[in-house]
Structure formats: C-alpha cells, structure tokens
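Asks: A single structure is presented below for examination.
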Amino acid sequence: MTDIRTVGVIGAGQMGSGIAHVCALAGYDVLINDVAPERIEASLKLIGRNMTRQVSRGIVSEAAMEAAMGRLRAAPDLAAIGRTDLAIEAATENEEVKKQIFRALQPHLGADTLLASNTSSISITRLASATDRPERFIGLHFMNPVPLMKLVEIIRGIATGAGTYEVAVAFAKSLGKTTANAEDFPAFIVNRVLVPMINEAIYTLYEGVGTVDAIDTALKLGANHPMGPLELGDFIGLDTVLSIMNVLHDGLADSKYRPCPLLVKYVEAGWLGRKAGRGFYDYRGERPIPTR
C-alpha cells in the first residue's frame, strides 16, 4: 500500500483550498494547482486567513499554523502534481472537465500515485475509466467548509482495489475526519438526500407556498436545521445544485429529481448564490436580503 507523504490538490477554489488546509495541518506536504495561477495565490491567502481564525479561537496553535503554512506550495505546473503520493481533483462539478484533468495528469503520474476525486455526484467508475489506473482511483467527497465539517464520503468505483480503499480510509481518518462508505450511485449519500430537499424548497418558492424568508425560517425552526435550504443552496452554489440535480435526473431517470424551473432560471441569470453576490438572497449590502 502507498505510504502517503505528499498530496496534490487540483483546483484552488473553496473546496480545494479547504482540502489543502486540512492536509497541511495533518502534516502532509501539499501542492496546489489550478488552471489560473492567480487562484493559487488567492487560495494560499485564504488558507492563511482561515488558519489565523482557528488560532484566534484556540483551535490551532501558532506553531502548528506556521508549520502547516510551510508545507503548502504553489504548483502551477500540473506535472508537479503527478509526483505526489495522492492527487485529489477538486475542480468544478463537470464530468468532462474532470476527465480532461485526469487525462492531462496521466503522463506525469508516478507508478504508485493514487488518484481521488472530490466529486459530489459524478460516477467514480466513469471518472476512473479516463485514467490508466482505475484500481488506484477512489472518491473522497469532503464536505464544505472542509476545515469545519467532520465527514468524508468514501466512494469505490467498480474497479477500485481493496488496498486503495484501505489507504483512503486511513488518510481521511488521519485528517481527523469520520468516514462513511457510499456505493457508486448518482450523488452518493449526502447529496442524494440533501440536494433534492433544496430543489423541493425551490419548488415550494416557485409555486408560491412560501417566501424565501418563510421557507428558510420554517426549516430552521421547524426541523432544527442550522441553515435554511435556500440559504444553503446559495452557500453551495446554485450552479452546483443544478448540476447535481441533473446528474440525479439523468442517472436515475425518475421525475422526482427534475430540477425546478426557477433553479434553472437563477443559474441562467448568473445568480449563483454567495459567490456571485446574488442568489435567493442578495449579498451585496450590509446583510443578505431575499430576492423573492
């Protein structure tokens, strides 16, 4: 079994930054890659800010933060990622984009490098088929925000080897995470349950059953959820919510997974949630205001 010392993270967005953050704190040397070099620098700054916040709250010591930041390196050249022990893809939730990344990475891979995808919904078996090592490919689905959320879903493709699975579980646990095994079906466990709930909340808004504020208040107080479903959709990104609903609808051929037309309209408008400044709430002022 591979002894993991170095981790490569492909994709320097919110998820990739969070994965790099927890890996560095756990003692791994981490390389961060992205198609846009400026995003790598932004990621390193974000990780620094988030670790500083952890230090201020007494979660992490100053010495641990300094050591972790010293383990993080920018890797604008994808070839450098191929020399790591474990390469984790954390790019946008688009199957073809992910496959292109793995195809581009393949010529640079070491013989023993393990591959993982942080996909939240796409078939691990299909992604693995785009590589030369499906037996050394696995799904590691971290939850957002990675430094705070304790769960990692472990998803085996049809060809994933037993050794790869054992290394993946041990790796996730070394980060202080709890693992849950999911079979390789569309959206796995968490998003199979969570995202259709968000979609149903959007239908509830679309059909005029309640306002944005009423729906989120009802679920927060009536179901004891820490965040309302529309607020959560904005946090995840409405484009990601739509992508997962499309994966469910296409993969399971069940009409109950049909994306709400209002969700489609928001994505078409570019109102993707927090990251775009507008979604079901407008985030451009001092406090979020419902857009419907």
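Asks: Could you run the Karplus curve 6.51 cos²θ - 1.76 cosθ + 1.60 with θ = phi - 60° over segment 236-249 and give me ³J(HN,Hα) per residue in whole Hz, x for Gly and Pro?
Replies: 5, x, 5, 5, 5, 4, 5, 4, 5, 4, 5, 4, 5, 5
Asks: If you don't mind, another one. In what order do D239, D213, D77, D34 fall by count of nearby beta-carbon atoms within 10 Å, going from fewest to most?
Replies: On the way: D239 21, D213 16, D77 12, D34 24.
Least to most surrounded, the residues fall as D77, D213, D239, D34.
Asks: Right, next: Normalising by the residue count of segment 152-271, find the relative contact order in percent from Cα pairs under 8 Å and 6+ residues apart.
Replies: On the way: 115 pairs, mean separation 27.3, N = 120.
Normalised by residue count, the contact order of segment 152-271 is 23 percent.
Asks: Sticking with this one: Check Y281: other-chain or 5+ apart residues with amide H under 5 Å from its amide H, H built from backbone geometry?
Replies: T291
Asks: To check you understand DSSP bridge types, tell me what percent of the beta bridges within the chain (both residues inside) are antiparallel, rounded to 5.
Replies: Values: 9 of 33 bridges.
That works out to approximately 25 percent antiparallel.
Asks: Most exposed first by the Cβ proxy, i.e. fewest other Cβ within 10 Å, how do R83, R71, R156, R49 rank?
Replies: Fewest-to-most Cβ neighbours within 10 Å comes out as R49, R83, R71, R156.
Asks: How much length would be gained if the chain were fully extended between A214 and E38, taking 0.36 nm per residue of separation minus their Cα-Cα distance, in nm to one decimal? Display every interim value, and only then the final one.
Replies: Numbers: separation 176, 0.36 × 176 = 63.36 nm, distance 3.99 nm.
Difference between extended and current length: 59.4 nm.
Asks: Report the extension gain between L252 and D29 in nm, rounded to one decimal, defined as 0.36 nm multiplied by the number of residues separating them, less their alpha carbon distance. Display every interim value, and only then the final one.
Replies: Numbers: separation 223, 0.36 × 223 = 80.28 nm, distance 3.95 nm.
That pair, L252 and D29, stretches by 76.3 nm at full extension.
Asks: Give the whole-number value, in cubic angstrom per residue, of the convex hull volume spanned by the C-alpha atoms of segment 75-228. Let's see the in-between values first.
Replies: Working: hull volume 20.4 nm³, N = 154.
Dividing the Cα hull volume of segment 75-228 by its residue count gives 132 Å³.
Asks: Return the lysines within reach of K265: Cα separation strictly under 26 angstrom, same-chain partners fewer than 8 residues apart disregarded; answer none if there are no such residues.
Replies: The reachable lysines, counting only those whose Cα sits under 26 Å from K265, are K98, K220, K256, K275.
Asks: In whole Å, what is the distance between the alpha-carbon centres of segment 23-102 and segment 250-292?
Replies: Cα centroid of segment 23-102 versus Cα centroid of segment 250-292: 28 Å apart.
Asks: Treat the count of other C-beta atoms within 10 Å as a stand-in for reagent exposure and order C260, C23 from fewest to most. Intermediate values should be presented prior to the final figure.
Replies: Numbers: C260 21, C23 27.
So the residues, fewest neighbours to most, are C260, C23.
Asks: For R83 and D3 in one chain, what is 0.36 nm times their gap in residues minus the Cα-Cα distance, to one decimal in nm?
Replies: Values: separation 80, 0.36 × 80 = 28.80 nm, distance 1.34 nm.
Length difference between fully extended and current span is 27.5 nm.
Bear in mind these aren't lab numbers, they're just calculated from the coordinates by the rules spelled out. Source: prediction; values computed, not measured. Here Cβ is always computed from backbone atoms with ideal geometry, including for glycine, and neighbour counts include all displayed protein chains.
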